[in-house]
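Here's the structure we're looking at; comments come further down.
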Amino acid sequence: MVARSIGLGVVGAGRMGAILARAIVRHVPEAHLVGIADRDLGAARRLADELSVEAVFGDAGLVLADDGFL
């Protein structure tokens, strides 16, 4: 069987979004974090930098349009 990885995005870089994003990165080997969205782009960028996530979005709809969710 071939191992597959699912791309996930997190909407919200506040307390709960950060907890969720860290849990995905640290505890879900079947998934990879593709992007983080938050209206506060600075907060999204800081969390993305911490977790080595490349994509940052200022609008949740843009996360869904990203091709990395496969």
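The values are calculated or read from the model by the stated rules, or taken from the named source; none is laboratory data. Quick caveat, the model's predicted, so the values are computed rather than measured. As a convention, Cβ positions derive from the backbone with ideal geometry for all residues, glycine included, and neighbour counts pool all protein chains shown.
Before moving on, here are some points about what is shown:
- Verdict on Arg4 being of a type in the set (Lys, Arg), surrounded by fewer than 19 Cβ atoms within 10 Å (Cβ to Cβ) and at pLDDT 95 or above: no
Each row is one residue, and each column tells you yes or no for (1) aromatic (Phe, Trp, Tyr); (2) modelled with pLDDT of 95 or more; (3) outside any loop (DSSP other than H, G, I, E, B).
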site	(1), (2), (3)
Ala13	no, yes, no
Ile19	no, yes, yes
Gly42	no, yes, yes
Leu47	no, yes, yes
Glu50	no, yes, yes
Leu64	no, no, yes
Asp67	no, no, no
